[in-house]
Amino acid sequence: MGEALLSISALNKSFGTAGKQVQALQDVDLKVEAGEFITVIGPSGCGKSTLLRIVAGLDSGFSGDVALDGMPIGGPGIDRGFIFQEHRLFPWLTVEKNIASDLPLRNPEIRRKVEELIELVKLKGFEKSYPRELSGGMAQRVAIARALLRNPKILLLDEPFGALDAFTRAHMQQVLLDIWRANRTTMIFVTHDIDEAVFLGSRVVILEPRPGRIRRIVPIDLPYPRRKASSSFQELRLKVLSYFEKVEELELTDGAGI
Ligand SMILES: Nc1ncnc2c1ncn2[C@@H]1O[C@H](COP(=O)(O)OP(=O)(O)OP(=O)(O)O)[C@@H](O)[C@H]1O
Ligand SMILES: [Mg+2]
(Lines give C-alpha, C1' and ligand atoms only; values in the text may rest on other atoms or scores of the structure.)
(Ligands and ions follow the chains in the order given, each with its own letter.)
Protein backbone atom coordinates (compact mmCIF):
# COMPACT_ATOMS: atom_id res chain seq x y z
CA MET A 1 0.00 0.00 0.00
CA GLY A 2 1.33 3.44 -0.92
CA GLU A 3 1.40 6.65 1.07
CA ALA A 4 -2.10 7.72 2.20
CA LEU A 5 -3.63 10.68 0.35
CA LEU A 6 -4.84 12.20 3.60
CA SER A 7 -3.00 11.55 6.80
CA ILE A 8 -4.31 12.77 10.15
CA SER A 9 -2.36 11.91 13.26
CA ALA A 10 -2.69 12.87 16.91
CA LEU A 11 -5.13 15.62 15.97
CA ASN A 12 -6.41 17.63 18.93
CA LYS A 13 -8.60 20.69 18.71
CA SER A 14 -10.23 22.66 21.49
CA PHE A 15 -12.34 25.78 21.52
CA GLY A 16 -12.31 28.26 24.35
CA THR A 17 -15.43 30.39 24.64
CA ALA A 18 -16.85 32.31 27.57
CA GLY A 19 -14.16 30.94 29.87
CA LYS A 20 -15.15 27.36 28.99
CA GLN A 21 -12.87 24.95 27.18
CA VAL A 22 -14.44 22.45 24.77
CA GLN A 23 -12.29 19.61 23.52
CA ALA A 24 -13.84 19.21 20.05
CA LEU A 25 -11.40 16.55 18.84
CA GLN A 26 -9.07 14.33 20.83
CA ASP A 27 -6.26 12.16 19.47
CA VAL A 28 -7.83 11.58 16.08
CA ASP A 29 -5.82 9.34 13.76
CA LEU A 30 -7.10 8.60 10.28
CA LYS A 31 -5.46 7.64 7.02
CA VAL A 32 -7.45 7.91 3.81
CA GLU A 33 -6.23 6.27 0.60
CA ALA A 34 -6.77 7.92 -2.77
CA GLY A 35 -10.13 6.89 -4.21
CA GLU A 36 -11.70 5.91 -0.87
CA PHE A 37 -15.22 6.94 0.11
CA ILE A 38 -15.15 7.64 3.84
CA THR A 39 -18.37 8.34 5.71
CA VAL A 40 -18.28 9.93 9.16
CA ILE A 41 -21.14 9.51 11.59
CA GLY A 42 -21.76 10.49 15.19
CA PRO A 43 -24.10 12.46 17.45
CA SER A 44 -24.44 16.21 17.29
CA GLY A 45 -21.43 18.02 18.69
CA CYS A 46 -18.97 15.14 18.32
CA GLY A 47 -16.67 17.15 16.07
CA LYS A 48 -17.65 16.02 12.56
CA SER A 49 -17.75 19.52 11.09
CA THR A 50 -14.63 20.52 13.00
CA LEU A 51 -12.77 17.58 11.48
CA LEU A 52 -13.86 18.51 7.94
CA ARG A 53 -13.11 22.18 8.47
CA ILE A 54 -9.58 21.38 9.63
CA VAL A 55 -8.96 19.25 6.51
CA ALA A 56 -10.43 22.08 4.41
CA GLY A 57 -8.00 24.50 6.02
CA LEU A 58 -10.85 26.62 7.40
CA ASP A 59 -9.95 26.03 11.02
CA SER A 60 -6.49 26.50 12.43
CA GLY A 61 -5.21 26.36 15.99
CA PHE A 62 -5.10 22.58 16.28
CA SER A 63 -2.29 20.31 17.35
CA GLY A 64 -1.16 17.20 15.52
CA ASP A 65 -0.40 16.54 11.87
CA VAL A 66 -2.79 16.86 8.97
CA ALA A 67 -1.26 16.34 5.55
CA LEU A 68 -2.68 15.98 2.06
CA ASP A 69 -0.41 14.23 -0.41
CA GLY A 70 2.45 14.63 2.05
CA MET A 71 1.99 18.40 2.39
CA PRO A 72 0.85 19.85 5.74
CA ILE A 73 -2.45 21.69 5.46
CA GLY A 74 -1.93 25.38 6.12
CA GLY A 75 -5.12 26.95 4.75
CA PRO A 76 -7.83 26.50 2.14
CA GLY A 77 -6.79 25.35 -1.34
CA ILE A 78 -8.28 24.29 -4.67
CA ASP A 79 -7.06 20.74 -4.06
CA ARG A 80 -10.01 20.37 -1.64
CA GLY A 81 -13.69 20.92 -2.47
CA PHE A 82 -16.26 21.60 0.24
CA ILE A 83 -20.01 20.97 0.07
CA PHE A 84 -22.21 22.32 2.86
CA GLN A 85 -25.69 21.30 3.96
CA GLU A 86 -27.11 24.29 2.11
CA HIS A 87 -25.97 24.82 -1.49
CA ARG A 88 -24.48 28.32 -1.09
CA LEU A 89 -24.96 29.17 -4.78
CA PHE A 90 -24.91 32.76 -6.01
CA PRO A 91 -28.62 33.63 -6.54
CA TRP A 92 -27.81 36.15 -9.29
CA LEU A 93 -25.84 33.67 -11.44
CA THR A 94 -27.13 30.95 -13.77
CA VAL A 95 -26.32 27.29 -13.22
CA GLU A 96 -23.39 27.33 -15.66
CA LYS A 97 -21.99 30.55 -14.23
CA ASN A 98 -22.32 29.24 -10.69
CA ILE A 99 -20.35 26.15 -11.71
CA ALA A 100 -17.65 28.23 -13.43
CA SER A 101 -17.74 30.72 -10.52
CA ASP A 102 -14.68 32.96 -10.94
CA LEU A 103 -13.29 31.10 -13.97
CA PRO A 104 -14.21 32.57 -17.38
CA LEU A 105 -16.85 30.59 -19.28
CA ARG A 106 -15.56 32.23 -22.49
CA ASN A 107 -12.49 30.05 -22.22
CA PRO A 108 -13.28 27.00 -24.43
CA GLU A 109 -11.46 24.60 -22.12
CA ILE A 110 -13.50 25.78 -19.11
CA ARG A 111 -16.74 25.75 -21.09
CA ARG A 112 -16.07 22.17 -22.18
CA LYS A 113 -15.37 21.13 -18.57
CA VAL A 114 -18.52 22.90 -17.29
CA GLU A 115 -20.61 21.16 -19.97
CA GLU A 116 -19.11 17.81 -19.02
CA LEU A 117 -19.93 18.41 -15.34
CA ILE A 118 -23.50 19.48 -16.15
CA GLU A 119 -23.85 16.15 -17.92
CA LEU A 120 -22.27 14.31 -14.97
CA VAL A 121 -24.64 15.83 -12.39
CA LYS A 122 -27.60 15.32 -14.75
CA LEU A 123 -28.59 18.96 -15.22
CA LYS A 124 -28.62 19.14 -19.00
CA GLY A 125 -31.20 21.72 -20.11
CA PHE A 126 -30.83 23.79 -16.92
CA GLU A 127 -27.63 25.63 -17.85
CA LYS A 128 -29.38 29.01 -17.98
CA SER A 129 -31.63 28.49 -14.94
CA TYR A 130 -31.19 30.46 -11.75
CA PRO A 131 -30.89 28.80 -8.30
CA ARG A 132 -34.45 29.94 -7.34
CA GLU A 133 -35.78 27.87 -10.26
CA LEU A 134 -34.15 24.66 -9.01
CA SER A 135 -35.23 22.07 -6.46
CA GLY A 136 -33.02 21.48 -3.40
CA GLY A 137 -31.48 18.36 -4.96
CA MET A 138 -30.74 20.13 -8.24
CA ALA A 139 -29.14 23.07 -6.45
CA GLN A 140 -26.97 20.68 -4.46
CA ARG A 141 -25.89 19.00 -7.72
CA VAL A 142 -24.80 22.42 -9.01
CA ALA A 143 -22.74 22.87 -5.84
CA ILE A 144 -21.12 19.46 -6.39
CA ALA A 145 -20.30 20.33 -10.03
CA ARG A 146 -18.81 23.63 -8.91
CA ALA A 147 -16.59 21.85 -6.40
CA LEU A 148 -15.49 19.31 -9.03
CA LEU A 149 -14.53 21.88 -11.66
CA ARG A 150 -11.12 22.42 -10.13
CA ASN A 151 -10.37 18.71 -9.99
CA PRO A 152 -9.96 18.54 -6.21
CA LYS A 153 -7.96 15.66 -4.79
CA ILE A 154 -10.61 15.28 -2.14
CA LEU A 155 -14.24 16.30 -1.74
CA LEU A 156 -15.42 17.15 1.78
CA LEU A 157 -19.18 16.93 2.24
CA ASP A 158 -20.83 18.12 5.46
CA GLU A 159 -24.33 16.62 5.64
CA PRO A 160 -24.93 17.65 2.02
CA PHE A 161 -28.28 15.85 1.74
CA GLY A 162 -29.53 16.64 5.26
CA ALA A 163 -32.10 19.16 4.08
CA LEU A 164 -33.55 16.96 1.31
CA ASP A 165 -36.65 14.76 1.40
CA ALA A 166 -36.15 10.98 1.48
CA PHE A 167 -36.74 10.40 -2.26
CA THR A 168 -34.46 13.19 -3.39
CA ARG A 169 -31.90 12.05 -0.89
CA ALA A 170 -31.87 8.48 -2.23
CA HIS A 171 -31.51 9.85 -5.76
CA MET A 172 -28.66 12.14 -4.73
CA GLN A 173 -26.84 9.25 -3.06
CA GLN A 174 -26.97 7.43 -6.39
CA VAL A 175 -25.79 10.50 -8.31
CA LEU A 176 -22.87 10.95 -5.93
CA LEU A 177 -21.86 7.29 -6.24
CA ASP A 178 -22.00 7.59 -10.05
CA ILE A 179 -19.71 10.64 -9.83
CA TRP A 180 -17.35 8.82 -7.51
CA ARG A 181 -17.18 5.79 -9.77
CA ALA A 182 -16.64 7.98 -12.86
CA ASN A 183 -14.01 10.30 -11.33
CA ARG A 184 -12.61 8.34 -8.40
CA THR A 185 -12.47 11.55 -6.39
CA THR A 186 -11.70 10.74 -2.76
CA MET A 187 -14.70 11.57 -0.57
CA ILE A 188 -15.19 12.36 3.11
CA PHE A 189 -18.90 12.52 3.73
CA VAL A 190 -20.44 13.52 7.08
CA THR A 191 -23.95 12.33 7.88
CA HIS A 192 -26.35 11.65 10.76
CA ASP A 193 -27.98 8.85 8.81
CA ILE A 194 -26.70 5.30 9.38
CA ASP A 195 -28.28 3.95 6.17
CA GLU A 196 -26.62 6.69 4.17
CA ALA A 197 -23.24 6.06 5.82
CA VAL A 198 -23.36 2.32 5.08
CA PHE A 199 -24.80 2.76 1.58
CA LEU A 200 -22.06 5.16 0.48
CA GLY A 201 -18.95 4.42 2.46
CA SER A 202 -16.11 2.03 1.82
CA ARG A 203 -15.38 2.69 5.53
CA VAL A 204 -17.62 4.23 8.18
CA VAL A 205 -15.87 6.29 10.85
CA ILE A 206 -17.96 6.45 14.05
CA LEU A 207 -17.18 9.41 16.30
CA GLU A 208 -18.18 9.80 19.92
CA PRO A 209 -18.64 13.13 21.70
CA ARG A 210 -17.07 15.05 24.58
CA PRO A 211 -14.29 14.84 23.75
CA GLY A 212 -14.79 14.02 20.07
CA ARG A 213 -12.85 10.90 19.22
CA ILE A 214 -12.98 7.96 16.85
CA ARG A 215 -14.89 5.16 18.47
CA ARG A 216 -14.61 2.66 15.65
CA ILE A 217 -13.93 2.38 11.94
CA VAL A 218 -16.14 -0.19 10.22
CA PRO A 219 -15.09 -1.36 6.74
CA ILE A 220 -18.08 -1.91 4.45
CA ASP A 221 -16.99 -4.77 2.23
CA LEU A 222 -20.03 -4.76 -0.02
CA PRO A 223 -19.70 -4.33 -3.77
CA TYR A 224 -21.37 -1.33 -5.42
CA PRO A 225 -24.16 -0.86 -6.40
CA ARG A 226 -25.52 -1.80 -2.98
CA ARG A 227 -29.02 -2.85 -2.13
CA LYS A 228 -30.37 -1.46 1.12
CA ALA A 229 -32.82 -4.36 1.38
CA SER A 230 -30.15 -7.08 1.14
CA SER A 231 -29.35 -9.11 4.25
CA SER A 232 -25.62 -8.32 4.03
CA PHE A 233 -26.45 -4.59 4.00
CA GLN A 234 -28.76 -4.97 6.98
CA GLU A 235 -26.12 -6.93 8.87
CA LEU A 236 -23.53 -4.16 8.45
CA ARG A 237 -26.10 -1.53 9.25
CA LEU A 238 -26.85 -3.30 12.54
CA LYS A 239 -23.14 -3.56 13.28
CA VAL A 240 -22.71 0.21 12.83
CA LEU A 241 -25.91 0.82 14.79
CA SER A 242 -24.62 -1.24 17.71
CA TYR A 243 -21.55 1.02 18.06
CA PHE A 244 -23.67 4.06 17.52
CA GLU A 245 -26.11 3.01 20.24
CA LYS A 246 -23.22 2.61 22.65
CA VAL A 247 -22.22 6.17 21.80
CA GLU A 248 -25.76 7.37 22.43
CA GLU A 249 -25.94 5.54 25.76
CA LEU A 250 -22.71 7.20 26.70
CA GLU A 251 -24.16 10.55 25.76
CA LEU A 252 -27.29 9.97 27.84
CA THR A 253 -25.21 9.02 30.86
CA ASP A 254 -23.05 12.08 30.30
CA GLY A 255 -26.13 14.27 30.01
CA ALA A 256 -27.66 12.83 33.20
CA GLY A 257 -24.61 13.97 35.13
CA ILE A 258 -24.99 17.63 34.14
N1 LIG B 1 -16.37 28.11 16.47
C2 LIG B 1 -16.59 27.44 17.60
N3 LIG B 1 -16.45 28.02 18.81
C4 LIG B 1 -16.64 27.36 19.95
N5 LIG B 1 -17.00 26.05 20.01
C6 LIG B 1 -17.16 25.40 18.85
C7 LIG B 1 -16.96 26.05 17.58
N8 LIG B 1 -17.20 25.15 16.60
C9 LIG B 1 -17.51 24.00 17.22
N10 LIG B 1 -17.50 24.14 18.56
C11 LIG B 1 -17.77 23.07 19.55
O12 LIG B 1 -17.02 21.93 19.20
C13 LIG B 1 -17.82 20.75 19.34
C14 LIG B 1 -17.89 20.04 17.99
O15 LIG B 1 -18.66 20.83 17.09
P16 LIG B 1 -18.95 20.38 15.60
O17 LIG B 1 -19.68 21.50 14.95
O18 LIG B 1 -17.70 19.92 14.98
O19 LIG B 1 -19.93 19.14 15.83
P20 LIG B 1 -20.73 18.26 14.78
O21 LIG B 1 -20.39 16.83 15.06
O22 LIG B 1 -20.50 18.76 13.40
O23 LIG B 1 -22.25 18.52 15.21
P24 LIG B 1 -23.59 18.55 14.31
O25 LIG B 1 -23.92 17.11 14.05
O26 LIG B 1 -24.61 19.19 15.21
O27 LIG B 1 -23.32 19.34 13.08
C28 LIG B 1 -19.15 21.20 19.89
O29 LIG B 1 -19.13 21.01 21.28
C30 LIG B 1 -19.23 22.66 19.55
O31 LIG B 1 -19.96 23.37 20.50
MG1 LIG C 1 -21.73 19.63 11.94
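Tally up the carbon and sulfur contribution to the accessible surface of the chain as a whole percent, 1.4 Å probe, everything protein left in place. Provide the component values of the computation, followed by the final result.
Working: 6650 of 12490 Å².
Carbon and sulfur: 53 percent of the exposed surface of the chain.
Work out from phi, with θ = phi - 60° and the Karplus expression 6.51 cos²θ - 1.76 cosθ + 1.60, the ³J(HN,Hα) of each residue of the range 81-94, listed in order in whole Hz, and give x for Gly and Pro.
Calculated HN-Hα couplings, in order: x, 10, 10, 9, 4, 9, 5, 6, 7, 7, x, 8, 10, 6 Hz.
Say R0 is 22 Å: what FRET efficiency, to the nearest 0.05, do GLN85 and SER135 get from their beta-carbon distance? Write out the running numbers ahead of the final one.
Numbers: r = 15 Å, r/R0 = 0.70.
Computed FRET efficiency for GLN85 and SER135: 0.90.
Just how far, in whole angstrom, is the range 57-75 from the range 1-52 if you go by their alpha carbon centroids?
Centre-to-centre (Cα) distance: 11 Å.
Starting with the highest mean, order 136-145, 151-160 by the number of other Cβ atoms within 10 Å, averaged over the residues of each peptide. Don't jump to the answer; show the numbers that get you there.
Numbers: 136-145: 23.0, 151-160: 20.6.
Result, highest mean first: 136-145, 151-160.
Show me, for the range 155-165, the HN-Hα J-couplings you get by feeding each phi into the Karplus relation (A = 6.51, B = -1.76, C = 1.60, θ = phi - 60°), rounded to Hz, glycine and proline as x.
Couplings: 10, 10, 10, 9, 6, x, 10, x, 9, 9, 5 Hz.
Using a 1.4 Å probe, how large is the accessible area of HIS192, given in Å² and rounded to the nearest 10?
We get 90 Å² for HIS192.
What residue among VAL204, VAL28, VAL55 shows peak mean-square fluctuation when the chain is described by a Gaussian network model with Cα springs under 10 Å?
Highest fluctuation of the listed residues: VAL28.
Can you give the calculated 222 nm mean residue ellipticity of the chain, where each DSSP H run of n ≥ 4 adds -39,500 (n - 2.57) and the sum is split over every residue, rounded to the nearest 500 deg cm²/dmol? Working shown, then result.
Working: 7 runs with 92 residues, N = 258.
That comes out to -11500 deg cm²/dmol.
Considering amide H positions built from the backbone, and no H for Pro or chain starts, which residues 5 or more places from ILE154, or on another chain, come under 5 Å of its amide H?
Counting only residues 5 or more places away or on other chains, the set is GLY81.
Just to check I understand the Karplus step: with θ = phi - 60° and J = 6.51 cos²θ - 1.76 cosθ + 1.60, what whole-Hz values come out for the range 207-213, glycine and proline as x?
9, 10, x, 6, x, x, 9
Calculate, for the range 1-149, the solvent-accessible area per residue in square angstrom, rolling a 1.4 angstrom probe over the heavy atoms of the protein chains. Present the calculation step by step, with values, prior to reporting the outcome.
Values: 7340 Å² over 149 residues.
Counting only protein heavy atoms, the per-residue value for the range 1-149 is 49 Å².
If I take every Cα pair under 8 Å that is 6 or more residues apart in the chain, average their sequence separation and divide by the length, what percent do I get for the relative contact order?
This gives 25 percent for the chain.
Can you name the helices of the chain, as whole DSSP H runs, whose Cα span along the helix axis is 27 Å or more and whose Kyte-Doolittle mean is not below -0.5? Present the calculation step by step, with values, prior to reporting the outcome.
Details: long enough: 231-256 (36 Å, -0.26).
Qualifying helices: 231-256.
Express in nm, to one decimal, how much length is gained between GLU3 and ILE110 on full extension, taking 0.36 nm for each residue of separation and deducting their alpha carbon distance.
Details: separation 107, 0.36 × 107 = 38.52 nm, distance 3.15 nm.
Here the segment from GLU3 to ILE110 would lengthen by 35.4 nm.
Name the trypsin sites (Lys or Arg not before Pro) in the range 20-112 that are in a loop by DSSP and that have at most 12 other C-beta atoms within 10 Å, would you?
Details: sites: LYS20, LYS31, LYS48, ARG53, ARG80, ARG88, LYS97, ARG106, ARG111, ARG112; in loops: ARG88, ARG106.
Here the trypsin sites (Lys or Arg not before Pro) that fit, given the DSSP loop and packing criteria, are ARG106.
Taking the chain as a Gaussian network, where each spring joins two C-alpha atoms under 10 Å apart, which residue of TYR224, TYR130, TYR243 fluctuates the most?
Of the options given, TYR224 has the highest mean-square fluctuation.
The values are calculated or read from the model by the stated rules, or taken from the named source; none is laboratory data. For clarity, every value in this text was computed on a predicted model and none was experimentally measured. Cβ: placed from backbone, ideal geometry, glycine included. Neighbour counts: every protein chain shown. Areas reflect the complete protein model, heavy atoms only, side chains present, ligands, DNA and RNA absent. Shrake-Rupley method; radii C 1.70, N 1.55, O 1.52, S 1.80 Å.
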